[in-house]
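Heads up, the thing below is written out as structure tokens.
The values are calculated or read from the model by the stated rules, or taken from the named source; none is laboratory data. This is a predicted model, so every value here is computed, not measured. We place every Cβ from the backbone using ideal geometry, glycine too, and count neighbours over all the protein chains shown.
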Amino acid sequence: MERSFSDERQSGGFMIRVGIAGYGNVGIGAAKAVEASSDMKLKAVFTRRDPEDSVFNNVSCAVLPFSSACEMTDEIDVLLLCGGSATDLPEQGPYFASMFNTVDSFDTHAKIPVYMSAIDKAIEAGTKKTTAIIASGWDPGLFSMIRLLFESVLPDGVCHTFWGHGVSQGHSDAIRRINGVKYAVQYTIPIGAAVESVRSGARPELDPSQKHLRECFVVTETGADKSEIEAIIKKMPHYFIDYETIVHFIGTDEFLSRHTEMPHGGMVLRSGNTGENSHMMEFSLKLDSNPEFTGSILAAYGRAAFRMASEGLFGAKTVFDVPLSYLSDKSRLTLIEELL
């Protein structure tokens, strides 16, 4: 029997059955978000690890290999894809979208149109009609919505986005994929003078290297060529090549004692004019845990993906296509009464 969302069924105990693909930091954060949601139930975690690994000791659902996912298409309403953008999602996104409603946080901005096209093609060729909300982290994702809102309200203006100070999961993951790297973390650091210049309303023209520094702390495998690894990092397209990048090679003990927390944040700024009057718009985030916050976003958009699919709104979607009310577990009337 086809499942559909309605406020009446939700208030009557209807639960969205959720799966998680990938159980790294984002997957763990997504599991916490699902378990804290009044209208969601975690049905399964799919992993490339040994399902008996101790990391799954506290998981309250089935833990299965990726290969088992195709056997559970009728038991999961939406699948949250928690892999990295560098190598995981380009393959996993289209594969899973051909079978499930999905949500992901694909964050390679320049490749989003190509990725979206691949998702659409996979859905068209898939075994069932599905909805896939892509690039729904906080940037791209929440910040994308804010940029759209700010630009629409102040068309005569300039928008700038700053990230950090904090850990970029996508950039850190990209470094960890390099042969010879054991552990790695990358901190994105906004340049203060650039931020203040934008806040002043000066509308500066800033290239990426004038807005941010990228600082990397890397632990290598025994015998790895550190010079080669540093060169690969600094020349990596879409991640490091356009920025001043500093690479530090450190030991395992230092890494584990100083670089395992994952704070992050950022801001979107727009200065603009209406006639002779000037205005400044600003939206900011300060996050203790980047992956847990990202996991919470994925859960909210999982609710939206299921609702859209139940209404026949299939295909690859972005945050621009999702009504804000679809993110909430509250009814439309309740949202109007409480928040409007």
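Among all residue pairs at least 6 apart or on different chains, which show Cβ distances below 6 Å where the first residue, located in segment 58-86, is in contact (Cβ under 8 Å) with a residue 24 or more places away in the chain and in the same structural domain as Tyr23 (by TED's automatic domain parsing) and the second is polar (S, T, N, Q) and surrounded by 14 or more Cβ atoms within 10 Å (Cβ to Cβ)?
Close Cβ pairs satisfying both conditions: Val78/Asn101; Leu79/Thr102; Leu81/Gln92; Leu81/Thr102; Gly83/Gln92; Ser85/Thr108.
Please determine whether any residue of segment 177-193 is crowded, with 20+ Cβ neighbours inside 10 Å, in a loop (DSSP other than H, G, I, E, B) and at positive phi.
no
What are the pairs, 6+ residues apart or on separate chains, where a residue within segment 287-302 that is farther than 15 Å from Leu81 by Cα has its Cβ under 8 Å from a residue that is at pLDDT 95 or above and assigned to a helix (DSSP H, G or I)?
Leu287/Phe293; Ser289/Gly29
For segment 281-299, give me each residue that is touching a Leu at 6+ places or on another chain (Cβ under 7 Å) and either surrounded by fewer than 18 Cβ atoms within 10 Å (Cβ to Cβ) or part of a strand (DSSP E or B) (or both).
Met281, Glu282
If you go through segment 134-154 one residue at a time, how many are surrounded by 14 or more Cβ atoms within 10 Å (Cβ to Cβ) and in contact with a strand residue (DSSP E or B) (Cβ under 8 Å, 6 or more places away or on another chain)?
Of segment 134-154, the ones surrounded by 14 or more Cβ atoms within 10 Å (Cβ to Cβ) are 134-147, 149-151, 154.
In the following step, the residues that additionally are in contact with a strand residue (DSSP E or B) (Cβ under 8 Å, 6 or more places away or on another chain) were identified as 134-136, 138-139, 142-143, 146-147, 150-151, 154.
Qualifying residue count, segment 134-154: 12.
Sort out which residues of segment 140-172 are out of contact with any Pro (no Cβ under 8 Å at 6 or more places or on another chain), among the aromatic types (Phe, Trp, Tyr) and in a strand (DSSP E or B), and write them in order of number.
Passing the criteria: none in range.
With respect to Tyr239, is the statement that it is modelled with pLDDT of 95 or more and under 30 Å from Val78 (Cβ atoms) true? So that I can check it myself, show each step before the final result.
Numbers: modelled with pLDDT of 95 or more: no; under 30 Å from Val78 (Cβ atoms): yes.
Judged against the criteria, Tyr239 is not a match.
Could you please give the count of residues in segment 1-51 that are at positive phi and modelled with pLDDT of 95 or more?
Qualifying residue count, segment 1-51: 1.
Might you let me know whether segment 59-77 holds any residue that is within 20 Å of Asp120 (Cα to Cα), in contact with a Phe, Trp or Tyr (Cβ under 8 Å, 6 or more places away or on another chain) and among the polar types (S, T, N, Q)?
yes
Report, by residue number, each residue of segment 89-115 that is within 17 Å of His171 (Cβ to Cβ) and in a helix (DSSP H, G or I).
Those that are within 17 Å of His171 (Cβ to Cβ) and in a helix (DSSP H, G or I): Leu89, Pro90, His109, Ala110, Lys111, Ile112.
Would you pick out the residues in segment 309-332 that are part of a loop (DSSP other than H, G, I, E, B), more than 23 Å from Lys121 (Cβ to Cβ) and not acidic (Asp, Glu)?
Matches in segment 309-332: Pro323, Ser328, Lys330, Ser331.
Provide a single number: the residues in segment 194-210 that are surrounded by fewer than 22 Cβ atoms within 10 Å (Cβ to Cβ) and assigned to a helix (DSSP H, G or I).
The number of residues fulfilling the criteria is 8.
The rows are residues; the columns are (1) closer than 30 Å to Asp242 by Cβ; (2) outside any loop (DSSP other than H, G, I, E, B); (3) out of contact with any strand residue (DSSP E or B) (no Cβ under 7 Å at 6 or more places or on another chain).
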position: Arg49; (1), (2), (3): no, no, yes
position: Val55; (1), (2), (3): no, yes, yes
position: Val59; (1), (2), (3): no, no, no
position: Ser67; (1), (2), (3): no, yes, yes
position: Leu79; (1), (2), (3): no, yes, no
position: Thr87; (1), (2), (3): yes, no, yes
position: Ser117; (1), (2), (3): yes, yes, yes
position: Ala132; (1), (2), (3): yes, yes, no
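Tell me, please, whether a residue that is outside any helix (DSSP H, G or I) and either over 28 Å from the mean Cα position of the chain (by Cα) or surrounded by fewer than 15 Cβ atoms within 10 Å (Cβ to Cβ) (or both) can be found in segment 232-239.
Within segment 232-239, one or more residues are outside any helix (DSSP H, G or I) and either over 28 Å from the mean Cα position of the chain (by Cα) or surrounded by fewer than 15 Cβ atoms within 10 Å (Cβ to Cβ) (or both).
If Ser60 passes every condition in (1) among the hydroxyl-bearing types (Ser, Thr, Tyr); (2) closer than 17 Å to Gly170 by Cα; (3) touching a Leu at 6+ places or on another chain (Cβ under 8 Å); (4) surrounded by fewer than 22 Cβ atoms within 10 Å (Cβ to Cβ) but one, which one does it miss?
Checking Ser60 against (1) among the hydroxyl-bearing types (Ser, Thr, Tyr); (2) closer than 17 Å to Gly170 by Cα; (3) touching a Leu at 6+ places or on another chain (Cβ under 8 Å); (4) surrounded by fewer than 22 Cβ atoms within 10 Å (Cβ to Cβ), the one that fails is (2).
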